[in-house]
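Below is one structure, written out as structure tokens, with a few remarks after it.
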Amino acid sequence: MKSLTEYLVFQTQNRREFINITPEVESLVQKSGIREGLCLVNAMHITASVFINDDEGGLHQDFEEWLQQLAPHEPVSKYLHNRTGEDNADGHLKRTIMGREVVVAVTKGRLDLGPWEQVFYGEFDGRRRKRDLVKIIGE
Amino acid sequence: MKSLTEYLVFQTQNRREFINITPEVESLVQKSGIREGLCLVNAMHITASVFINDDEGGLHQDFEEWLQQLAPHEPVSKYLHNRTGEDNADGHLKRTIMGREVVVAVTKGRLDLGPWEQVFYGEFDGRRRKRDLVKIIGE
Amino acid sequence: MKSLTEYLVFQTQNRREFINITPEVESLVQKSGIREGLCLVNAMHITASVFINDDEGGLHQDFEEWLQQLAPHEPVSKYLHNRTGEDNADGHLKRTIMGREVVVAVTKGRLDLGPWEQVFYGEFDGRRRKRDLVKIIGE
């Protein structure tokens, strides 16, 4: 069994952003030399997400509005967590909806994605340095 | 390390359906000859889901109603994504709630599921051909 | 390839509880002797969750309140599933939001978690015996 472990670093300009990381993950699969296996991609921070969906700007705005409805940022005082001095309680909830991680099959040396599947980093409390982990195992 | 990669094909009659795929996945585990490992099952389409829950019809109707409350299909014009000519923005959101994938342990040559755990394909924009991926790795 | 399979048992005092299981999972990684691989932790019951977030009491209360808003326990009669004699339909929905499972990288013989990442068992229909599965594969 082979494995590869790498960390991707992000520092977004905005509190919330979606970043397509498919090319980076695909190139790590190639670097690993693994032909058949599994590729885990996860946020290492608890107000961030890794998810798979469509790379379509309108949809991303729909996600933004929908997440604000389900877990509004304001009033920040409504969340007990924000009494710790943070204002990111909503980010913990939004990331829960979007998910921490994806596991993608590696087949014939490539990410085995459907036609529209793209891997995104989802940031919900940005403007600080954060990391994703990519772990690929197989042969 | 051994691996097996297979694709399940679906074309539902309705826009939204839940289909129990546990027998198909279990038979792929047997086909793989893998005794100890991990089994990834994921939707390859971004308005579909693979999830684990109870095979109980009332619960499935509860899920349907709940998802329609959290991410209503109509009015279709409320979603920016639908300006691309699609009417499936809600399907992208519903699938996000239900999840893209499950990873199930393979133990002693079988899916290591709890007493009520069943694996479902969840369709949220059906009446077109779609695929799930099943990837099993182990020994 | 090596593997380890273990089951953690829970019987909570309350209907809903969050329990930090990171130490138990970490000690299973050490027991496995696996240096590089993947660690799956999943609830084996469909009204329970395994998720990763912050071990902060205020946030846990925020989660509790938020989940009650998204999928209220009462009135129990509003859920068709509860006609089976159960009163736990909301638990199925809450666990869907929180997720069934996590997959964590094992790197250099340890869980490769970010600085605030902790693994939790989330119970949404407690006061009965339930199990989590921990499956570690790698080398």
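Throughout, read-outs are computed from the coordinates displayed, never taken from laboratory work. Everything numeric in this text was worked out from a predicted model, so none of it was measured. Note that each Cβ is placed from the backbone with ideal geometry, even for glycine, and that neighbours are counted across all protein chains shown.
What whole number of Å gives the distance from the Cα centroid of the stretch A:66-103 to the Cα centroid of the stretch A:109-135?
With the stretch A:109-135 and the stretch A:66-103 each reduced to a Cα centre, they are spaced 19 Å.
Measuring label to label, 7 Å along Cα→Cβ, what does residue B:15 give against each other copy in nm, shortest first?
Distances to the matching label points in the other copies: 3.3, 3.3 nm.
Place the peptides A:81-92, C:85-96, B:55-66 in order of packing, highest mean first, counting for every residue the other Cβ atoms within 10 Å and averaging per peptide. It would help to have the intermediate numbers written out before the result.
On the way: A:81-92: 19.7, C:85-96: 22.7, B:55-66: 17.6.
The packing order, highest mean first, is C:85-96, A:81-92, B:55-66.
In peptide C:26-36, how many Cβ atoms from other protein chains are near each Cβ within 10 Å, on average?
Working: counts 0, 0, 0, 0, 0, 0, 0, 0, 0, 1, 7.
Counting other chains' Cβ atoms within 10 Å and averaging over C:26-36 gives 1.
Per DSSP helix of 4 or more residues, -39500 (n - 2.57); summed, then divided by the residues of the protein assembly as shown. What does that give at 222 nm, rounded to the nearest 500? Spell out each step's value before the answer.
Numbers: 9 runs with 105 residues, N = 417.
About -8000 deg cm²/dmol.
Provide, in order from the shortest bin, the percent of all Cα-Cα pairs of the protein assembly as shown in each 10 Å bin, continuing until the bin that contains the maximum pair distance.
5, 23, 36, 27, 9, 0
Return, for the Cα atoms of the stretch C:26-80, the radius of gyration and Dmax in Å, separated by a comma.
16.8, 50
Assign one of three labels to the stretch A:1-117, namely rounded, prolate or oblate, based on the Cα gyration tensor with a ≥ b ≥ c the square roots of its eigenvalues; rounded applies when a/c is under 1.5, prolate when it is not and a/b is larger than b/c, and oblate otherwise. It would help to have the intermediate numbers written out before the result.
Working: a/c = 2.83, a/b = 1.94, b/c = 1.45.
Since a/c reaches 1.5 and a/b is larger than b/c, the shape of the stretch A:1-117 is classed as prolate.
Taking each residue of B:71-82 in turn, how many C-beta atoms of other protein chains fall within 10 Å of its C-beta, and what is the average?
Details: counts 4, 0, 0, 0, 0, 0, 0, 2, 6, 10, 9, 3.
For this peptide, the per-residue mean of nearby foreign Cβ atoms is 3.
Just add up the charged neighbours of residue A:86: K/R +1, D/E -1, any other residue whose Cβ is under 12 Å from the Cβ of residue A:86.
Working: positive: A:83, A:128; negative: A:87, A:90, A:125, C:54, C:56, C:62.
Taking every Cβ under 12 Å from that of residue A:86, the sum is -4.
Net charge near residue B:12: determine it from the other residues with C-beta under 12 Å of the C-beta of residue B:12, scoring Lys and Arg +1 and Asp and Glu -1.
On the way: positive: B:15, B:16, B:127, B:128, B:129, B:130; negative: B:17, B:123, B:125.
Charge balance in the 12 Å sphere: +3.
What do you get for Rg/Rh of the stretch A:1-54 when both radii come from the Cα atoms and Rh is the Kirkwood radius?
Looking at the stretch A:1-54, the ratio lands at 0.99.
Based on alpha-carbon positions alone, could you give the equivalent ellipsoid semi-axes of the stretch C:66-139 from the gyration tensor, as √(5λ), descending, whole Å?
For the stretch C:66-139, the ellipsoid semi-axes come out as 33, 14, 9 Å.
What net charge do the residues around residue C:126 carry, taking every other residue with its C-beta under 9 Å from that of residue C:126, with Lys and Arg at +1 and Asp and Glu at -1?
Details: positive: C:15, C:16, C:127, C:128, C:130; negative: C:17, C:123, C:125.
In short, +2.
If we hang a label 7 Å off Cα along the beta carbon direction at residue C:27, how far is it from the matching labels on the other copies, in nm, shortest first?
List, nearest first: 4.3, 4.3 nm.
If you average the sequence gap of Cα pairs under 8 Å that are 6 or more apart and divide by the length of chain C, what percent do you get for the contact order?
Working: 288 pairs, mean separation 75.7, N = 139.
Worked out over chain C, it gives 54 percent.
Nm distances between the label at residue C:58 and the same-position labels in the remaining copies, 7 Å along Cα→Cβ, shortest first?
Going from nearest to farthest copy, the values are 4.1, 4.1 nm.
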